[in-house]
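Worksheet: one structure, shown below.
The values are calculated or read from the model by the stated rules, or taken from the named source; none is laboratory data. Predicted model, so just to flag it, every value in this text is computed and none were measured. FYI the Cβ positions are ideal-geometry reconstructions off the backbone, even for glycines, and counts take in every protein chain you see.
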Amino acid sequence: MSRETALAPRIRALIDREPLRYLLCGGLCAVVNNIILIGGDGLGLHYALLTAISWALAGSLGYGLNARFTFRQPWRGRAYLRFMGGVALGVPLSLALLALFVSLLRLPMWFAAPASTLLMMVYNYANARLAIMRRLLGKGSA
């Protein structure tokens, strides 16, 4: 048995773990978020506008990836709206973190964006799990 053949079951076993799938999707969304924040900052745009842009783009990407890959559920309009609403509830927290890091502490965006993104990933995991897997809470599948 070749080394590649021996690794395949181990890789599949890792991917079958929901938290790892979430981290992979979250990592991609974090990269998109940081590209928007750092790139937009480099263009002179304010972090409040960039946060709104990131909410729409990275949030939508996050729903699609988490629904299909992490939680293995079909795309549903109501679940998407719940998810985006939950992510929107995190926007004030994200803005507060950026205001703290950038405006108050005067840290550069290349530091502030990843730091706030890491803190927001914890919040977003809980939101995604509740929005997409709502049926686990006994509330039916919307």
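Listing for the model above:
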| read-out | value |
| --- | --- |
| Some residue of region 82-93 being assigned to a loop (DSSP other than H, G, I, E, B) and buried (at least 17 other Cβ atoms within 10 Å of the Cβ) | no |
| Failed item, numbered, when Gln73 is tested on (1) under 15 Å from Tyr125 (Cα atoms); (2) surrounded by 14 or more Cβ atoms within 10 Å (Cβ to Cβ); (3) at pLDDT below 90 | (1) |
| From the options Leu118, Leu100, Leu57, residue that is under 11 Å from the mean Cα position of the chain (by Cα) and exposed (fewer than 15 other Cβ atoms within 10 Å of the Cβ) | Leu118 |
